[in-house]
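The values are calculated or read from the model by the stated rules, or taken from the named source; none is laboratory data. Computed from a predicted structure; not experimentally measured. Counting neighbours? That spans all protein chains shown, and the Cβs are built from the backbone with ideal geometry, glycine included.
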Amino acid sequence: MLKDAAGTAEAELELAEGATAEDAFRAAAARWPELEPRRKSTVLAVNQRYALPSDTLRDGDEVAFLPPVSGGQEEWLRAEEDAAGHFFALTRGPIDAERLKRRVAQPQDGAVVVFEGIVRNHSGGRRTLFLDYECYEPMAIREIARLGREIAGRHAVSRVAIVHRLGRMEIGEASVVIVVSAPHRKAAFDAAREAIDRLKKEVPIWKKEHFEDGAVWVEGEWDPSIAGR
């Protein structure tokens, strides 16, 4: 929605020495006044990491303005897999949940929980035609992996896989799939629930809903604890 308001996805700004991340937003809002009303709900990032408004910038820094967050054979746009077998990815193709189950299930596991976020045919009393998802790709995959590993460390689970789809999605298609394997079901359920709840508030991915009479970016809500993380 910020990109639409500014009419561009990126631009270069010249700031005074000692300028902060907040100064960068103010400079952008001076150029594109449509940004100013959205400042309260916008989170800042510097070099693909969440930042505080007071963080000082250096020459060449990449500053991102992030509105509230709402992805056959997969071709991963970006993917991370660690030594423990946790797997995280972004894709523009259909997500194969069965393949992810096979990827994470271990012989010691007594439970595999799969959550699929599905595109439904209505929202707010309006008929939905399709959805579009966009994200800040390098930061999104980093945040998905961080979130997944944190959750794996908080619950007695074996492996976690999180895959989010980007681009256009039709009714009934999965936009996100989370798979958790664990020796016992409670830990698997708890981890999967935490993963989807946090993903919606911590990862820079945005959803645009298309209706018969127009389209709108869905404005969600940031987790207030992420700034400066």
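Considering (1) more than 27 Å from ARG49 (Cβ to Cβ); (2) crowded, with 17+ Cβ neighbours inside 10 Å, say which one GLY148 fails and leave the rest.
Unmet for GLY148, out of (1) more than 27 Å from ARG49 (Cβ to Cβ); (2) crowded, with 17+ Cβ neighbours inside 10 Å: (1).
Just for strands (runs of 3 or more DSSP E) wholly inside region 59-171: which have at least 2 residues that are more than 18 Å from the chain's Cα centre (by Cα)?
111-118, 126-135
If the requirement is being at pLDDT 95 or above, under 21 Å from SER175 (Cβ atoms) and of a type in the set (D, E, K, R), which of these qualifies: ASP61, ASP109, ASP132?
None of the other options fit; the residue is ASP132.
Residues checked against (1) surrounded by 22 or more Cβ atoms within 10 Å (Cβ to Cβ); (2) small (Gly, Ala, Ser):
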{"residue": "VAL157", "(1), (2)": "yes, no"}
{"residue": "ALA161", "(1), (2)": "yes, yes"}
{"residue": "ALA174", "(1), (2)": "no, yes"}
{"residue": "SER181", "(1), (2)": "yes, yes"}
{"residue": "ASP197", "(1), (2)": "no, no"}
{"residue": "GLY214", "(1), (2)": "no, yes"}
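Could you figure out which of (1) over 25 Å from ARG49 (Cβ atoms); (2) in contact with a Lys or Arg (Cβ under 7 Å, 6 or more places away or on another chain) isn't true of VAL180?
(2)
Taking the condition of being buried (at least 20 other Cβ atoms within 10 Å of the Cβ) and acidic (Asp, Glu), how many residues in region 88-145 meet it?
1
Going through region 1-27 one residue at a time, which ones are surrounded by 11 or more Cβ atoms within 10 Å (Cβ to Cβ) and over 18 Å from TYR136 (Cβ atoms)?
Across region 1-27, the qualifying residues are LEU15, ALA19, THR20, GLU22, ASP23, ARG26, ALA27.
What's the total number of residues in region 183-214 that are in a strand (DSSP E or B) and out of contact with any Lys or Arg (no Cβ under 6 Å at 6 or more places or on another chain)?
The number of residues fulfilling the criteria is 7.
Do we have ALA30 as aliphatic (A, V, I, L, M), loosely packed, with under 15 Cβ neighbours inside 10 Å and assigned to a loop (DSSP other than H, G, I, E, B) here?
no
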